[in-house]
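Asker: Dumping the structure here so I can ask a few things about it.
The values are calculated or read from the model by the stated rules, or taken from the named source; none is laboratory data. Small disclaimer: the values here were computed from a predicted structure and weren't measured. Here the Cβ is made from the backbone with ideal geometry for all residues, glycine too, and neighbour counts use every protein chain on show.
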Amino acid sequence: MDTVVIEISEANIPLNFHEKRMQEILEKESRQSLHKTVKIIALKKDERVLGSAQVSLSFNYLLLESIWIEEAAQKNGFGIRLYSEVENFAIQQNCQKILLNTFDFLHALPFWQRVGFQQVGIVENCPPGHKLVYLEKSL
């Protein structure tokens with residue numbers, strides 16, 4: 001049996017090499033274009049950023065990678081305004097679903113359920129003593 005050497009090095013492989021190769025494989029196997037775009041949507045008031053969201057598009061869905069609202073701006077409707085911009089962007093891009101995940105200790109699950117997300121999966125004890133919850137919303 002041949003010996004396989006695994007080398008971990010940032011210098012030898014361009015950072016986007018893995019992502020490009022995975023895109024090629026996914027597009028070939030699914031026979032669909034991956035079309036990955038990353039966008040940051042920021043909510044500002046008087047030039048102060050109150051929150052932002054990072055999203056990416058793949059196939060026919062939008063992945064909400066992260067979203068945050070300044071603590072002082074929470075409970076004032078800014079979260080729903082920012083999420084509405086994310087959803088509008090997804091609709092403009094002809095997405096059929098929005099996907100996201102959240103940890104139970106962030107206490108965001110009731111918000112996501114209120115805006116129409118359904119729980120589709122849970123990873124128990126991730127991190128220890130908590131849950132990672134996967135959610136989706138059909139558009």
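Asker: Would you pick out the residues in segment 9-33 that are modelled with pLDDT under 65 and either aliphatic (A, V, I, L, M) or not in a loop (DSSP other than H, G, I, E, B) (or both)?
Answerer: Ala11, Ile13, Leu15
Asker: While we're here: I'd like the full set of residues that are farther than 18 Å from Glu136 by Cβ, touching a Phe, Trp or Tyr at 6+ places or on another chain (Cβ under 8 Å) and of a type in the set (A, V, I, L, M), limited to segment 40-79.
Answerer: Ile41, Leu43, Leu50, Ile69
Asker: Taking the stated definitions as given, is Ile6 at pLDDT below 75, part of a loop (DSSP other than H, G, I, E, B) and surrounded by 10 or more Cβ atoms within 10 Å (Cβ to Cβ)?
Answerer: For Ile6, the condition - at pLDDT below 75, part of a loop (DSSP other than H, G, I, E, B) and surrounded by 10 or more Cβ atoms within 10 Å (Cβ to Cβ) - is not met.
Asker: When you check Gln96 against the structure, is it surrounded by fewer than 17 Cβ atoms within 10 Å (Cβ to Cβ), in contact (Cβ under 8 Å) with a residue 40 or more places away in the chain and closer than 27 Å to Glu24 by Cα, yes or no?
Answerer: yes
Asker: Got a number for residues in segment 43-60 being outside any strand (DSSP E or B) and of a type in the set (A, V, I, L, M)?
Answerer: Result for segment 43-60: 0.
Asker: Does Ala53 count as at pLDDT 75 or above, surrounded by fewer than 14 Cβ atoms within 10 Å (Cβ to Cβ) and either within 23 Å of Arg114 (Cβ to Cβ) or aliphatic (A, V, I, L, M) (or both)?
Answerer: no
Asker: Still on this structure, please answer the following. Just to verify a result, which residue in segment 76-122, among those that are of a type in the set (Lys, Arg) and out of contact with any Ser or Thr (no Cβ under 6 Å at 6 or more places or on another chain), is nearest to Tyr134 (Cα to Cα)?
Answerer: Per the stated criteria, the residue is Arg114.
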